[in-house]
Amino acid sequence: MRTEKLSDTSLSKLKERMGYDFKNEKLLLQALSHSSYTNEVKMRKEESNERLEFLGDAVLELVTSDYVYHAHEDLSEGDLTKLRASIVCEQTLSSCARDLNIGEFLLLGRGEDLSGGRNRGSILSDALEAIIGAIYLDGGFANAKEFIREKILKNAEQRELFFDSKTILQEIIQNHDNKQKIRYKLISEEGPDHNKSFTMALFIGNEQISTGVGRTKKAAEQKAAMQAIKILRLNK
């Protein structure tokens with residue numbers, strides 16, 4: 001495998017960010033090897049990260065299923081499925097990959113590299129799943145689970161992109177046979193047109209439950225819904 005693009009220093013930096021030290025470093029290198037790279041250097045197709053991605057996807061789905069099952073006891077099977085899907089989607093995984101700066105360490109073909117592959121969501125999310133698969137093979141399920149919980153699931157509800165808070169809140173209210181309606185009201189609007197900030201209040205029936213601030217009204221509503229979910233869980 002051609003590895004001049006990844007020095008020992010680079011690999012050490014990535015492993016430090018990941019919080020996991022590989023016993024078999026070849027697994028990490030394979031997880032970072034995009035098919036465009038393996039094709040370019042005439043390696044076997046099986047030496048790209050695609051097989052590890054397949055494995056990591058399965059491990060991620062199991063760990064995420066366990067997480068949402070215990071964290072959201074008030075959601076039905078269908079709602080849990082939607083929530084899990086939103087956590088393991090490309091948008092979420094690529095965001096987590098960017099947090100780890102995985103793009104910096106990818107082994108890409110020259111064409112893929114020049115066309116912006118290091119920041120492409122699909123490539124980043126696939127690489128993150130491949131890394132999960134590599135950790136699973138190198139250190140077992142417990143280490144893979146810890147990585148997923150720390151780097152993907154930890155503080156999941158702090159990330160607006162992980163799920164549609166408005167939908168989750170609506171389903172929580174419906175599951176409790178609550179006929180009261182949820183509504184949002186604009187409280188304030190500040191700043192110039194190119195940098196506005198909106199504050200939305202969330203009401204259940206006639207009672208104001210929470211507020212949220214965002215660059216758009218929809219984003220502010222999501223923040224308000226997220227706060228309402230937390231408040232309802234604390235009070236149940």
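What to note about this one:
- Within the set S115, S76, the sole residue that is surrounded by fewer than 18 Cβ atoms within 10 Å (Cβ to Cβ), of a type in the set (S, T, Y), in the same structural domain as G56 (by TED's automatic domain parsing) and closer than 30 Å to L169 by Cβ turns out to be S76.
- I204, sole failed condition from (1) over 19 Å from D74 (Cα atoms); (2) at pLDDT 90 or above; (3) surrounded by 13 or more Cβ atoms within 10 Å (Cβ to Cβ): (1)
- Failed condition for S65, given (1) over 15 Å from the mean Cα position of the chain (by Cα); (2) small (G, A, S); (3) surrounded by fewer than 17 Cβ atoms within 10 Å (Cβ to Cβ): (1)
- Flag for D99 being over 23 Å from R118 (Cα atoms) and not assigned by TED's automatic domain parsing to the domain that holds I172: no
- Identification of helices (runs of 4 or more DSSP H) wholly contained in region 1-120 with 3 or more residues that are modelled with pLDDT under 90 and of a type in the set (D, E) yields no element.
- Meets criteria (closer than 21 Å to A85 by Cα, touching an Asp or Glu at 6+ places or on another chain (Cβ under 9 Å) and modelled with pLDDT of 85 or more) for A225: yes
The values are calculated or read from the model by the stated rules, or taken from the named source; none is laboratory data. Owing to the predicted nature of the structure, the values given are computational and were not obtained by experimental measurement. Cβ atoms come from the backbone with ideal geometry, glycine included; neighbour counts cover every protein chain shown.
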